[in-house]
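Undergrad: Please find one structure pasted underneath; my questions will follow.
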2 protein chains.
Amino acid sequence: MKVVALAGGVGGAKLVDGLAAVLPAGDLTVIVNTGDDFEHLGLNISPDLDTVMYTLAGLANPETGWGRADESWAFLETFETLGGPTWFRLGDRDLALHMERTRRLRKGETLSHVTAELSERLGISVPILPMSDEPVRTMVHTDEGELAFQEYFVARACEPVVRGFEFRGADTAAPAPGVSRALEAADVVIFCPSNPWVSLDPILAVPGIGAAVQARPTIGISSIVGGNAIKGPAAKMYAELGVEPSALAVAEHYSGLDAFVIDAVDAEQMEAIRSIGMQPFVTNTVMDSGQARRRLAQEVLEFVGELELAL
Amino acid sequence: MKVVALAGGVGGAKLVDGLAAVLPAGDLTVIVNTGDDFEHLGLNISPDLDTVMYTLAGLANPETGWGRADESWAFLETFETLGGPTWFRLGDRDLALHMERTRRLRKGETLSHVTAELSERLGISVPILPMSDEPVRTMVHTDEGELAFQEYFVARACEPVVRGFEFRGADTAAPAPGVSRALEAADVVIFCPSNPWVSLDPILAVPGIGAAVQARPTIGISSIVGGNAIKGPAAKMYAELGVEPSALAVAEHYSGLDAFVIDAVDAEQMEAIRSIGMQPFVTNTVMDSGQARRRLAQEVLEFVGELELAL
């Protein structure tokens, strides 16, 4: 079964890690959000690509959800004493990844090529594709005006009230090499439990990707469990945009999926999800261990098989 | 006595450190070579400014002659595993200095302003002035063609045979703010024991600086002791350019100095130095301890006083 996973940050990376463990080599391709990408201190930083790479390489920090587990902070501590801005936390080893990505991009290499090279260096065999090689920048419209995503997310800790989102550059961005081919070959496209507003919507906003995804069998996994996000501001965003955060709200967000996976705590929403035309599947979706990642991945794939979605 | 010191890297920084210890606050200004400056990985690196700052801040690594004593290498080790170039050794803490300088220059601040701010952050009270805010780049003409200085010095370890030097940009560079005023006010200008070819010549090549220096009382300290440089390629350069490396050769290099300090091992060159119109002073010039730096600084200043140069 050829699987394409659409992923943003932590939740997406965890499910991708589970899928990579249970799928035969070569059957999984990941398409990753780059709307969070930004330039900081002259470095090209791609937070979601980094999270997916670090997670698949077994290097991710499970406590923070970003950066590396085995990290030191000599650079940032010194940078602070010299007056440099430290709102974006750059560990010594993490900095090396940003520096090498930036060095290669400055040489004229594409983001997809650089990501493939870095993945190889990190020993990752799953193809990780940025959604586009062209810059797409998620802008958050808030009650305090427009904020670049990292300013909203990190510097302001998601405090401003959200009014809407804009994926600047998406309308003229092309899917990165390999994205369209992977989608065409996909037996199923999995919407990972990433933030719908700012992780998966930017991917779907790239012309060609949204339509290609809709042409394939699709299954989503709710990123809202018991009315809250496991991590991140998704629930807060729903509430601020006037939608009660729930698994159903996520399913409605992604209208047109063939199937949708919700957590056992949300089992009462099963019929409502069926009523909007999606096959519901109820299980424990909280990936709090490597074993839980693999089990959820296995269950999602088995459910896809049972539904004969992928035929 | 108002003192201006012209300095390049290690030897210059050591004498400046001694001068800073024995002169009253406010009586010393340092003008530093920026011909070694280069851009690497998007960072603006100023090796001689760094060496002078680290030395005056008590942070310099006495073993390497560059970088910091208390250093870690997590960044560079990871960068290497990712395929990044490591010929220029960037420690985690050293990297922070380059990053903060670069960040400020990109904001439009001048190198002299940035250097003043970084010096303040490092607790340095001596004014450290780059020779110019405009880029001057030392190019080394060799038997293998033209090499940028750091390529010659670090990447090629001074191996190619030198044919000459070019201080690209010097002819249109202006002295940095404060440089001309400091020279006008100087009771004496000290040519530190730095490499004549690539540390002090670039400073003197900036229009206005050479003439202003010649208009003041001047004293040099030989960077060649017993026919060799304490550190660096000065002796090799002299030989390759057809000049026998000696204290006298350095004195002749800087024609027009009022006085010249040579090491006791070169005492036999005293009369030759007198014969080219410089007052010779013989002492132990090897600064192998903080005490030796201070003693040499004190002796140089006393000699200047005895000569009534600075009146």
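The values are calculated or read from the model by the stated rules, or taken from the named source; none is laboratory data. Keep in mind that what you see is a predicted model, and the values were worked out from it rather than measured. Ideal geometry is used to build each Cβ from the backbone, glycine not excepted, and the neighbour counts take in all protein chains shown.
Undergrad: Assuming A:Ala5 fulfils every condition listed in (1) assigned to a strand (DSSP E or B); (2) within 14 Å of chain B (Cβ to nearest Cβ) apart from one, which condition is it?
TA: Just one mismatch for A:Ala5, condition (2).
Undergrad: To continue, here is another question. When you scan the stretch A:94-108, do you find a residue that is outside any helix (DSSP H, G or I), buried (at least 22 other Cβ atoms within 10 Å of the Cβ) and touching a strand residue (DSSP E or B) at 6+ places or on another chain (Cβ under 9 Å), even just one? Quick ask: steps written out before the conclusion?
TA: If we filter the stretch A:94-108 for residues that are outside any helix (DSSP H, G or I), which is where we start, we get A:107-108.
Next, only the ones that are buried (at least 22 other Cβ atoms within 10 Å of the Cβ) stay: none.
No, that holds for no residue.
Undergrad: Follow-up. Test B:Leu200 against the criterion of being touching a Cys at 6+ places or on another chain (Cβ under 8 Å), of a type outside the set (Lys, Arg) and crowded, with 16+ Cβ neighbours inside 10 Å, and give yes or no.
TA: Values: touching a Cys at 6+ places or on another chain (Cβ under 8 Å): yes; of a type outside the set (Lys, Arg): yes; crowded, with 16+ Cβ neighbours inside 10 Å: yes.
Considered against the rule, which asks whether it is touching a Cys at 6+ places or on another chain (Cβ under 8 Å), of a type outside the set (Lys, Arg) and crowded, with 16+ Cβ neighbours inside 10 Å, B:Leu200 comes out as yes.
Undergrad: Something else: Step by step: first the residues of the stretch A:60-78, then only those that are of a type outside the set (Asp, Glu), facing another protein chain (nearest Cβ under 10 Å) and in a loop (DSSP other than H, G, I, E, B), then the one that is surrounded by the fewest Cβ atoms within 10 Å (Cβ to Cβ). Which residue is that? Spell out how you get there, then give the answer.
TA: Step one: list which residues in the stretch A:60-78 are of a type outside the set (Asp, Glu), which gives A:60-62, A:64-69, A:72-76, A:78.
Then drop every residue that is not facing another protein chain (nearest Cβ under 10 Å), which leaves A:68, A:72-76, A:78.
With the extra rule that they be in a loop (DSSP other than H, G, I, E, B), the set shrinks to A:72-73.
Values: A:Ser72: 16, A:Trp73: 18.
My answer is A:Ser72.
Undergrad: Sort through B:Thr110, B:Thr81, B:Thr34 and tell me the only one that's among the hydroxyl-bearing types (Ser, Thr, Tyr), touching a helix residue (DSSP H, G or I) at 6+ places or on another chain (Cβ under 8 Å) and within 28 Å of B:Met139 (Cα to Cα).
TA: Values: B:Thr110 fails: touching a helix residue (DSSP H, G or I) at 6+ places or on another chain (Cβ under 8 Å); B:Thr81 fails: within 28 Å of B:Met139 (Cα to Cα).
Testing whether each residue is among the hydroxyl-bearing types (Ser, Thr, Tyr), touching a helix residue (DSSP H, G or I) at 6+ places or on another chain (Cβ under 8 Å) and within 28 Å of B:Met139 (Cα to Cα) leaves just B:Thr34.
Undergrad: Can you find even one residue in the stretch A:33-43 that is of a type outside the set (Val, Ile, Thr), more than 10 Å from every other protein chain (Cβ to nearest Cβ) and more than 29 Å from A:Arg294 (Cα to Cα)? Quick ask: steps written out before the conclusion?
TA: First pass over the stretch A:33-43, keeping only residues of a type outside the set (Val, Ile, Thr): A:33, A:35-43.
Cutting the leftovers down to more than 10 Å from every other protein chain (Cβ to nearest Cβ) gives us A:33, A:35-39.
Cutting the leftovers down to more than 29 Å from A:Arg294 (Cα to Cα) gives us A:38-39.
Checked against the condition, which is being of a type outside the set (Val, Ile, Thr), more than 10 Å from every other protein chain (Cβ to nearest Cβ) and more than 29 Å from A:Arg294 (Cα to Cα), the stretch A:33-43 yields at least one hit.
Undergrad: Sticking with this structure for a sec: Say we look at the stretch B:260-311 and pick out the residues that are touching a Pro at 6+ places or on another chain (Cβ under 6 Å) and over 28 Å from B:Gly65 (Cβ atoms); which of these is surrounded by the fewest Cβ atoms within 10 Å (Cβ to Cβ)?
TA: Ranking the qualifying residues of the stretch B:260-311, first place goes to B:Arg274.
Undergrad: Restricting attention to the stretch A:119-164, report how many residues are more than 16 Å from the chain's Cα centre (by Cα), at pLDDT 95 or above and of a type in the set (Val, Ile, Thr).
TA: Total satisfying the criteria: 5.
Undergrad: Here is a follow-up. Out of the residues in the stretch A:246-259 that are surrounded by 21 or more Cβ atoms within 10 Å (Cβ to Cβ) and over 18 Å from A:Val188 (Cα atoms), state the one that is nearest to the chain's Cα centre (by Cα).
TA: The extreme case among them is A:Val250.
Undergrad: Taking only the stretch B:79-101 into account, find how many residues are within 7 Å of another protein chain (Cβ to nearest Cβ) and of a type outside the set (Asp, Glu).
TA: Taking the stretch B:79-101 and keeping what is within 7 Å of another protein chain (Cβ to nearest Cβ), we get B:79, B:81-84, B:92-93, B:95-97, B:99-100.
Imposing the further condition that a residue be of a type outside the set (Asp, Glu) reduces the set to B:79, B:81-84, B:93, B:95-97, B:99.
The total comes to 10.
Undergrad: State yes or no: is B:Ala20 more than 14 Å from chain A (Cβ to nearest Cβ) and touching a residue at least 40 places away in the same chain (Cβ under 8 Å)?
TA: Yes.
Undergrad: Out of (1) touching a residue at least 12 places away in the same chain (Cβ under 8 Å); (2) under 22 Å from B:Arg137 (Cβ atoms); (3) assigned to a helix (DSSP H, G or I), what's the single condition that is false for B:Ala251?
TA: The one condition B:Ala251 does not meet is (2).
For (1) in contact (Cβ under 8 Å) with a residue 60 or more places away in the chain; (2) among the β-branched types (Val, Ile, Thr); (3) in a strand (DSSP E or B), each residue gets a yes or a no:
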| residue | (1), (2), (3) |
| --- | --- |
| A:Ser112 | yes, no, no |
| A:Thr115 | yes, yes, no |
| A:Leu129 | yes, no, yes |
| A:Glu151 | no, no, no |
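Undergrad: Which pairs have Cβ atoms under 8 Å, sit 6 or more apart or on different chains, and link a residue in the stretch A:276-305 that is more than 19 Å from A:Ser194 (Cβ to Cβ) to one that is surrounded by fewer than 22 Cβ atoms within 10 Å (Cβ to Cβ) and of a type in the set (Val, Ile, Thr)?
TA: A:Gln298/A:Val22
Undergrad: Please verify whether A:Ser125 is among the hydroxyl-bearing types (Ser, Thr, Tyr), more than 9 Å from chain B (Cβ to nearest Cβ) and assigned to a helix (DSSP H, G or I), treating the condition exactly as stated. Please lay out each step first, then the result.
TA: On the way: among the hydroxyl-bearing types (Ser, Thr, Tyr): yes; more than 9 Å from chain B (Cβ to nearest Cβ): yes; assigned to a helix (DSSP H, G or I): no.
Spelling it out, it is not the case that A:Ser125 is among the hydroxyl-bearing types (Ser, Thr, Tyr), more than 9 Å from chain B (Cβ to nearest Cβ) and assigned to a helix (DSSP H, G or I).
Undergrad: Determine which single condition B:Ala69 fails, assuming it passes every other condition in (1) under 20 Å from the mean Cα position of the chain (by Cα); (2) farther than 23 Å from A:Leu105 by Cα; (3) in contact (Cβ under 8 Å) with a residue 24 or more places away in the chain.
TA: (3)
Undergrad: Could you tell me whether B:Ala186 is surrounded by 15 or more Cβ atoms within 10 Å (Cβ to Cβ), farther than 24 Å from B:Ala235 by Cβ and out of contact with any Cys (no Cβ under 7 Å at 6 or more places or on another chain)?
TA: Details: surrounded by 15 or more Cβ atoms within 10 Å (Cβ to Cβ): yes; farther than 24 Å from B:Ala235 by Cβ: yes; out of contact with any Cys (no Cβ under 7 Å at 6 or more places or on another chain): yes.
Yes: the conditions hold for B:Ala186.
Undergrad: In the stretch A:131-149, what residues are farther than 16 Å from A:Met237 by Cα and in a loop (DSSP other than H, G, I, E, B)?
TA: From the stretch A:131-149, those farther than 16 Å from A:Met237 by Cα are A:131-137; that's our starting set.
Scanning the stretch A:131-149 gives A:Met131, A:Asp133, A:Glu134, A:Pro135, A:Val136.
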